[in-house]
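J.: Provided herewith is a single structure, encoded as structure tokens, for subsequent inquiry.
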Amino acid sequence: MTKFARPLALVLVAALFFGVTGVTLAQDAPAIAPQACAEPGELTMRVWDENWAAVIQESIDAWVADYCPGAVVTLEVVPWDQYWTLLRTNATSGDLPDVFNVSQDRFFFYAENGAVLDLQPYWDEFGVDTTLWGSGMIDPYRWGEADDLYAAPVNWDTIVVFYNKDMFDAAGVEYPTSAWTWDDFAAASAALTDPANDVYGSAVYSEYQAGYTNFIASTGIPPVVGAGRTECTLDEPRSIEALEFLQGLYAEGYMPSVSVMGGASATDSFNFWLAGRVAMVTNGSWSLPTAIEQATFNWDVVQLPRNPETERTRSIVHSVGYVAAGNSDVPDLAANLILYLVSDEGSAFFANAGGVAPANPAQQQAWVESFGDTTVNIQAFVDALEDSQGVTVFDEIWDAANTELVINIFDLNVSVADAVAQACGFIDAQLAAQ
Amino acid sequence: MTAFLDLFGKTPLTRRRAYWGLALVAPNVLGLLFFFGIPVVLAFRTSLLDWNGIRPPVEIGLGNFEHLLNDPAFWNAFGVTLKLLAVVIPIGMVLSLVVALMLNRKLHGRSFFRVVYFLPVVTSTVAATMAWTWMFQPRYGLIANVLAPIGLQDLNWLTRPDLVLFPIAAVVIWQRLGFDMILFLAGLQAIPRQLYDAARMDGADGIRMFRHITLPLLSPTTFLVLILQVISAIQIFDQVYIMTARTTRGGMNDSATTLSLFLYETAFTNSDLGYSAAIALAMFAITLLLTVAQITLQRRWVYYESGSE
């Protein structure tokens, strides 16, 4: 036996070491184990993503059957456009659903007003080690003096560059690798631009999570708002450097304007890419199913280009969260359902369905494998997690950071200095008001 | 008691009739009361509160109105609304009158054209506005193509603060045209034909007849159209909301934020329900003022044939 002890120990150490990077965890001991509910009852639950509804319903059914027989869960799907308005109306009249989804930028409003339940006592009770989730996924869901964790992360999505391989071939440009830098990216953007055919090289500035903020993050600072949510970071030299780099590409005609794409959202630039009008676009893992289904050309994904000085490639990471209503009649039951949904067992439903990457690290490999024998480099999304930046913006400054800054720089040709001064003026005032 | 019953009629028979009448109008009256009357009263009440909808409201007296008068965002929205009013109303009224005059003539396929001009009124505002949004896309949109020969294909209509109100006014006018046209048509057809025959006998030409017969006799209709136009223009919302939704809602630097949109954002983005109620009441006051002013001024230019006014 002793003969094998040392090699075995080495293997174990190696397994632990690689486990920590977040790709795989030991499969035998579940990272998060569900528990039987104390007492069944009735629950309402609300989500916005129709693509998830069927998967969530499946996992809810499994929870009822295996852990909480007799419980009744009413699942509502409210599309994103109406989701937040309806939620606020419900919060006003005191009838929020028992369990619902929130995004990191909008969580604050509900936490601030005591509308969501503190889940920390339940994590302690259930013995869940919350550090198994990346800090970018859960830090934005912490609240209060003790930094309690109020939400359970459903999923994660990171940002990569989607590129049209046919256009690279036609222009004789080599496919990018994860080692590429801003300079390589700029050179490719120039080479791929074809004004005669109305084709642009890249479109990478649109919208907070998928856009310019990733380039700021790779310089090493939190984009838009600092980590402590005390100050606007857009006017810092490194932010300005990143924005001027991107505005340079736009000014050269390598990137389309907001008006040409017809909108300032990441969906607008992604649709522009799907239509074959631009060779490279930044977008998140949530767009994988659309790209697989709708792209009529050969394509692949690659990690974001590295900042030449820091040599870092960084992605904004976002996790949708499950929260329970602060005034729920059945808080214990709501917490138990949430525990199940994010457990290894419950999140396996998501992983195997292939759309959404579950937050639970034990399920990441299953998610990658759910895409089958695709030629698309799905692993790039997982690799992007390694050096990622959590969300620091919030509802009230969304437009200032997301659309007004972007339109000023990439549509109205306002100088970066003036645009960030305007944005920071507004953002700092909002931060001071909080 | 009898005095009260007398209100419904002097005899049992007339009273019974009155009861029937009351019963028949009751659904409307109750509907109006519940869905209009009570909310209006609540709006007055809410306007005196500092309330985000979730925390308990705080009484602040007239604080919201004080804030309103000193809020540059409110005055900006007021200015945007006035600018839209100034463009939409004159152009809209002249165009709808011109179309009504054309379609009042003996014209081949007249009914067809009337339907065509009326179609935008019954078209979904959302769908139509989306289509218009595409038309205003620079470089590739229809408008850009039309303007390309004079080098204006790259105008960013929807993001430039100095241009954004034009596309919005265009949709509003286009969609409103058919409705005003129908009102004008009805007005035109009510003008007695003999007047024109008599004028023609006296040797009047078309322009004189238009000036001295059509315009004066059409003035009650014109007045009605004007009042309705003002009321609806103060409430412009959907077109702005949709046309600027994909760039930045309300236009860059709020250059297209109308009073209605300002109210909406105050209530549903900023969760300031008390202040939004105060904005609603201010809009009501503005509408009321403009309408009263028009009714007062109408004596100078509206001609009622029956002589009752």
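The values are calculated or read from the model by the stated rules, or taken from the named source; none is laboratory data. Please read these numbers as outputs of a predicted model, since none were measured by experiment. Virtual Cβ from ideal backbone geometry, glycine too; neighbours counted across all protein chains shown. Surface areas here come from the heavy atoms of the whole protein model, side chains and all, with no ligands, DNA or RNA. Shrake-Rupley method; radii C 1.70, N 1.55, O 1.52, S 1.80 Å.
J.: Within chain A, what's the longest stretch lacking GluC sites (Glu not before Pro) that sit in DSSP loops with no more than 13 other Cβ atoms inside 10 Å?
T.: Longest run free of exposed loop sites: A:1-144.
J.: Rank A:Asn283, A:Ala433, A:Ala190 by how far each Cα sits towards the positive end of the charge dipole of chain A (+1 on Lys, Arg Cβ; -1 on Asp, Glu Cβ) and give me just the farthest.
T.: Checking the options against the dipole of chain A, the answer is A:Ala190.
J.: Mind listing the long-range amide H neighbours of A:Arg46? Cut-off is under 5 Å, sequence gap 5 or more, other chains count too, H placed in the peptide plane at 1.01 Å from N.
T.: A:Glu76, A:Val99, A:Phe100, A:Asn101
J.: Another question about this same structure. Where nothing but the Cβ of Lys and Arg (+1) and of Asp and Glu (-1) is charged, how large is the charge dipole of the range A:266-348 around its Cα centre, in debye to the nearest 20?
T.: Here the size comes out at about 420 debye.
J.: When only alpha-carbon atoms count, how far does chain A stretch along each of its three principal axes, as whole angstroms with the largest first?
T.: Principal-axis extents of the Cα atoms in chain A, largest first: 67, 64, 39 Å.
J.: Additional query: In whole Å, largest first, what are the principal axis extents of the Cα atoms in the range B:83-141?
T.: 41, 26, 23
J.: Which whole-number value in Å³ per residue fits the convex hull of the alpha carbons of the protein assembly as shown?
T.: Once divided by residue count, the hull of the protein assembly as shown is 248 Å³.
J.: Determine the sum of side-chain charges near A:Leu87: Lys and Arg each +1, Asp and Glu each -1, restricted to other residues whose C-beta is under 10 angstrom from that of A:Leu87.
T.: That works out to +3.
J.: Give me a single rounded figure for B:139-146: the average over its residues of other chain Cβ atoms within 10 Å of their Cβ.
T.: If you average over the peptide's residues, the count of other-chain Cβ atoms is 2.
J.: Roughly speaking, what is the centre-to-centre gap between the range B:218-268 and the range B:124-199 when only Cα atoms are used, to the nearest Å?
T.: Answer, in whole Å: 15.
J.: Also: Among residues other than B:Ala169 whose Cβ falls under 11 Å from its Cβ, what is the net charge (Lys/Arg +1, Asp/Glu -1)?
T.: Value of the local net charge: +2.
J.: Moving to a separate point now. Sum up the charges of everything whose Cβ sits under 14 Å from the Cβ of B:Leu48, counting Lys and Arg as +1 and Asp and Glu as -1, but leave B:Leu48 out.
T.: That sum, taken over residues with Cβ under 14 Å, equals -3.
J.: Let me ask another. Per-residue counts of other Cβ atoms within 10 Å, averaged by peptide: what ranking do you get for A:406-414, B:181-189, B:98-106, highest first?
T.: Ranking, from highest mean packing down: A:406-414, B:181-189, B:98-106.
J.: Total accessible area buried between chains B and A, 1.4 Å probe, in Å² to the nearest 100?
T.: 2200 Å²
J.: How big is the range A:45-96 in terms of Cα radius of gyration and Dmax, in angstroms?
T.: Over the range A:45-96's Cα set, Rg and Dmax evaluate to 12.9, 35 Å.
J.: With all protein chains present and a 1.4 Å probe, how do B:Thr296, B:Thr269, B:Thr159 order by accessible area, largest first?
T.: From most exposed to least exposed: B:Thr296, B:Thr269, B:Thr159.
J.: Moving to a separate point now. When a/c reaches 1.5 or more, the comparison of a/b and b/c decides; with that in mind, is the range A:191-349 rounded, prolate or oblate per its Cα gyration tensor?
T.: Judged from the Cα gyration tensor, the range A:191-349 comes out oblate (a/c at least 1.5, b/c at or above a/b).
J.: So, one more: Which helices, counted as full DSSP H runs in chain A, have an axial Cα extent of no less than 24 Å and a Kyte-Doolittle average of 1.0 or above?
T.: Span-like helices here: A:2-20, A:416-433.
J.: Quick one: what Rg and Dmax do you get for the range B:24-166 from the alpha carbons, in Å?
T.: Spelled out, the Cα radius of gyration and Dmax of the range B:24-166 are 23.0, 66 Å.
J.: How many nm is it between the label spots at A:Ala187 and A:Ala421, if each spot is 7 Å from the Cα in line with the beta carbon?
T.: Roughly 3.7 nm, to one decimal.
J.: Continuing with this model, one more query. Output the Cα-based Rg and Dmax of the range B:2-46 in Å, rounding Rg to one decimal and Dmax to a whole number.
T.: Both quantities, over Cα of the range B:2-46: 15.1, 46 Å.
J.: Tell me, what does the Kirkwood hydrodynamic radius of the range B:67-301 come to in angstroms if you use every pair of distinct C-alpha atoms?
T.: Across the range B:67-301, the inverse of the average 1/r is 19.8 Å.
J.: Further question on the same structure: Extending each Cα 7 Å along its Cβ direction at A:Asp81 and A:Glu50, get the distance between those two points in nm, one decimal.
T.: Taking the simple label geometry, A:Asp81 and A:Glu50 are separated by 1.1 nm.
J.: Return the average number of partner chain Cβ atoms within 10 angstrom of each residue Cβ along peptide A:255-264.
T.: If you average over the peptide's residues, the count of other-chain Cβ atoms is 6.
J.: Would you mind working out the magnitude of the charge dipole of chain B relative to its Cα centre, with +1 at each Lys and Arg C-beta and -1 at each Asp and Glu C-beta, to the nearest 20 Debye?
T.: That gives chain B a dipole magnitude of about 1120 debye.
J.: Span-like helices, chain B: DSSP H, alpha-carbon axial extent 20 Å or more, mean Kyte-Doolittle -0.5 or greater, which ones?
T.: Qualifying helices: B:12-32, B:72-103, B:165-189, B:215-234, B:273-301.
J.: So between B:Asp154 and B:Val25, what do we pick up on full extension, going 0.36 nm a residue minus the alpha carbon distance?
T.: Once the chain is fully extended between B:Asp154 and B:Val25, it gains 40.8 nm.
J.: Per DSSP H run of at least 4 residues, take -39500 (n - 2.57); add these up for the protein assembly as shown, divide by its residues and hand me the 222 nm value, nearest 500 deg cm²/dmol.
T.: -16500 deg cm²/dmol
J.: Can you give the relative contact order of chain A as a percent, counting alpha carbon pairs under 8 Å and 6+ residues apart?
T.: This gives 26 percent for chain A.
J.: Continuing with the same structure: Once the dipole of the range A:208-327 is set up with Lys and Arg at +1 and Asp and Glu at -1 on Cβ about the Cα centre, which of A:Val317, A:Phe272, A:Ala251 lies farthest towards its positive end?
T.: Selected residue: A:Val317.
J.: Here is a further query. How crowded by other chains is A:409-417, given as the mean number of beta carbons from other chains within 10 Å of each beta carbon?
T.: 2
J.: D for the range A:39-135, whole µm²/s, Stokes-Einstein with Kirkwood Rh over alpha-carbon pairs at 4 °C and 1.567 mPa s: what number?
T.: 86 µm²/s
J.: Related question: Nearest 20 debye, what's the magnitude of the dipole of the protein assembly as shown about its Cα centre given +1 on Lys and Arg Cβ and -1 on Asp and Glu Cβ?
T.: It comes to approximately 4620 debye.
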